[in-house]
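Step one of this worksheet: look at the structure below.
The values are calculated or read from the model by the stated rules, or taken from the named source; none is laboratory data. Keep in mind that what you see is a predicted model, and the values were worked out from it rather than measured. Here the Cβ positions follow ideal geometry from the backbone for every residue, glycine too, while neighbour counts run over all protein chains shown. Only protein heavy atoms, including side chains, enter the accessible area calculation; ligands, DNA and RNA are left aside. Shrake-Rupley method; radii C 1.70, N 1.55, O 1.52, S 1.80 Å.
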Amino acid sequence: MPTILGQNQYGKAENRVVRITRDGATHHIKDLNVSVALSGDMEDVHHSGSNANVLPTDTTKNTVFAFAKEYGIESAEQFGIHLARHFVTSQEPIHRARIRVEEYAWDRIATSGTHQREHGAHSFVRKGQETRLTQVTYDGERWEVVSGLKDLTVLNSTDSEFHGFVKDRYTTLKETRDRVLATSIAARWRFNWTDDAQPMPDWETSYERTRQHLLQAFAETYSLSLQQTMYRMGAQIIEHREEMDEVRFSLPNSHHFQVDLEPFGLDNDGADGAVYFAADRPYGLIEATILRDGCEALIPADLTNL
Ligand SMILES: O=c1[nH]c(=O)c2[nH]c(=O)[nH]c2[nH]1
């Protein structure tokens, strides 16, 4: 049966490119998800398998990261236009390039006074609301209220190190004195209000203050590990919110790998900042319960069972 090749395109989808520029102590972040789709004279590769016209999808990925470093990311549109023009004008067989860009927006974490100068400059919370959660249980006598949140995404573009860890024959991770620390906070906190005879907490104020403690502790902790930052977040809540006895966290370590651009003659360590590959998986998963001394751990270890 005779067949013909219809519409076709190819490229690398969902390149998670993060560019952090440093304006002295003030950092700026551009966070994009870039998908490249190319089409043109691609009859041969489909019919005979000849790759003579095929610019590898791997190359399109490298181009995204190299362009982010070399030319910066002014806007999603400007970046897309630059890439599309490059593929169509530099490769004869490619007649059409479609670049799709999603941009994730970030706000600076508001901390107080000198902290704002020290940490507000490199601590970010992703725009868009987190999901607020609660679970209320009552047996006719006692109340258990466990509240929390998920998908509160935060990032420190400096003041994070990771070194001095165990090394065995499978360890390849390099020690680092300056890395990006990012996570999407999932947390639950248990109230010690259990009885109608006790004064009821102000749930709205409690939530707002707890959220602020989470953000502040994240921004203000000079981090030697995500475990340490997590503990500080929990401790700050327990220390400041007397209505709670227990906080449980599940924190993905959202790895940002500095891209090796040396093969393209680019120094990705320059004073003008760096380009990172934001990996979505696998991710480190750091979990713990932080308790008021003398209190019992009652929040299930598996947050999804709440
Ligand atoms: O903060 C971290 N904690 C770890 O336990 C760990 N493990 C790892 O590979 N990177 C990191 N980072």
For the chain, calculated [θ]222 nm from helices alone, where every DSSP H run of n ≥ 4 adds -39500 (n - 2.57): -7500 deg cm²/dmol
GNM flexibility winner over the chain from Thr171, Thr194, Thr153 (Cα, springs under 10 Å): Thr171
Residues of the chain: accessible area per residue with a 1.4 Å probe, Å²: 54
Built amide H within the under 5 Å cut-off of Glu287, gap 5+: Leu251
Accessible-area composition of the chain, carbon plus sulfur, in percent [1.4 Å probe]: 48
Cα-centre dipole for segment 190-306 with unit charges at Cβ (Lys and Arg positive, Asp and Glu negative), debye to 20: 120
Out-of-range pairs (alpha-carbon distance over 29 Å; input Lys69/Lys150; Lys69/Lys127; Lys127/Lys174): Lys69/Lys150; Lys127/Lys174
√(5λ) per eigenvalue of the Cα gyration tensor, segment 1-57, largest first, Å: 40, 11, 7
Helix axis angle, 76-90 relative to the chain longest principal axis, alpha carbon, degrees: 20
Under-5 Å amide H pairs with Thr153, H placed in peptide plane, nonlocal only: Arg126, Ile185
Using a Förster distance of 51 Å, the FRET efficiency for Ala235-Arg85 (Cβ separation, nearest 0.05): 0.45
Charge dipole of segment 145-236 about the Cα centre (unit charges at C-beta), most positive-ward option of Ala235, Met200, Val146: Ala235
Per-q log10 I(q)/I(0), segment 183-258, q = 0.13, 0.15, 0.19 Å⁻¹ (Debye; single scatterer per alpha-carbon; no solvent): -0.42, -0.54, -0.79
Cα-only radius of gyration and Dmax that characterise the chain, units Å: 24.1, 82
Chymotrypsin sites (Phe, Trp or Tyr not before Pro), loop per DSSP, at most 11 other Cβ atoms within 10 Å - longest free stretch of the chain: 1-164
Tail beyond 29 Å, pair distance distribution of segment 1-150 (Cα, percent): 44
Fraction of alpha-carbon pairs over 16 Å apart in segment 112-155 - percent: 61
Phi-based couplings in Hz for segment 293-299 (Karplus 6.51, -1.76, 1.60; Gly and Pro marked x): 4, x, 9, 8, 7, 10, 6
Full-stretch length increase - Ala197, Gln129 - with 0.36 nm per residue and alpha-carbon distance subtracted: 21.1 nm
Chain lengthening between Ile4 and Arg209 when straightened (0.36 nm per residue, less Cα-Cα): 67.5 nm
Estimated vicinal HN-Hα couplings, Hz - segment 6-19 in sequence order (Karplus 6.51, -1.76, 1.60; Gly, Pro = x): x, 3, 8, 7, 7, x, 9, 9, 6, 7, 8, 10, 10, 10
5 Å binning of all Cα-Cα separations within segment 170-306, expressed as whole percents from 0 upward: 2, 9, 16, 18, 17, 12, 9, 7, 5, 3, 2, 1, 0, 0, 0
Amide H contacts of Val54 (H built 1.01 Å from N, under 5 Å, at least 5 apart or other chain): none
Which of Pro93, Trp106, Leu83, positive extreme of dipole for segment 53-139 (C-beta unit charges): Pro93
